[in-house]
Amino acid sequence: MIKKYLDSFLHLWYPHICLQCGTDQLDNNSPLCLPCANALPLTDFCSMPNNPIEKIFWGRITIQHASAALFFTKDSIVQKLIFELKYKHNKKAGLFLGRIMGNDLKNSSKYACISLLIPIPISTKKLRKRGFNQAQILCEGIAQIWDKKIATNILLKKRNSDSQTHKDRLERAGKNSFQFYLNNIQLLENENILLIDDVITTGATLEAACNCLEQGRPNSINIATAAYTL
Ligand SMILES: [Zn+2]
């Protein structure tokens, strides 16, 4: 009862409204109302063999399966959700996106073997600024739907790997994977890894992370992102 009053009271100052249409008729844990959530552009890539995400990596790295849950287009609600997660400290948006991914993955037999979720790490500098790693929040949302272990301390990002000059130099030297490193490498052996990121475009970062993860001799590497840029 007290919580109900407190919620109503808070609502006066901080109204919880749908990010898309502005209605206040929505679940407390969701950034979108039900009709707006139901209108999200799902890709259905999880059930599609040789989907566009898997094709991105053809001839580059060996991955078992890859998919993205939503189409990302400019000025869309998907872009807004990702923006909220990355730049507005909106964890609710991230957990929501994670749950959409979780539903997708759980219903696909291709991902049944997954034993470990690994979020793409961000630099300590970004982590300090943002307060959290957005890919980690996506993992937590996935795990709310699909009971999987999250490994946060295995794949790590090297310091200063964000600088473009540094990146260009490493890429020229064919050492793209050097922006990441592994900790507790033995924990990857025989695991079926699902690497998680927010948006996939060229796949360069994910490719570098996969090259790094391979050193841990996992059984398989899979990729899932919240959105795919058209
Ligand atoms: Zn709405």
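The values are calculated or read from the model by the stated rules, or taken from the named source; none is laboratory data. These figures come from a predicted structure and were not determined experimentally. Note that we place each Cβ from the backbone using ideal geometry, even for glycine, and neighbour counts take in every protein chain shown.
Any idea how many residues of segment 89-111 are surrounded by fewer than 24 Cβ atoms within 10 Å (Cβ to Cβ) and closer than 20 Å to C210 by Cα?
Residues meeting the conditions: 2.
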Check your understanding: What are the residues in segment 81-108 that are more than 15 Å from the chain's Cα centre (by Cα) and modelled with pLDDT of 95 or more, if any?
Key -> K106, N107, S108
Revision key, fill the gap. Filtering segment 62-78 down to residues that are touching a residue at least 24 places away in the same chain (Cβ under 8 Å) and surrounded by fewer than 19 Cβ atoms within 10 Å (Cβ to Cβ) yields T62, Q64, F71, T73, S76
Exercise for review: Restrict the check to segment 42-53 and report whether at least one residue is among the hydrophobic types (A, V, I, L, M, F, W, C) and in a strand (DSSP E or B).
Suggested key: yes
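I'd like to know if segment 82-100 contains one or more residues that are away from the ligand (no atom under 16 Å from the Cβ), in a loop (DSSP other than H, G, I, E, B) and either of a type in the set (K, R) or under 21 Å from V199 (Cβ atoms) (or both).
Yes, segment 82-100 has at least one match.
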Check your understanding: Restricting to segment 15-46, what's the tally of residues that are surrounded by 13 or more Cβ atoms within 10 Å (Cβ to Cβ) and within 30 Å of A204 (Cβ to Cβ)?
Key -> 8
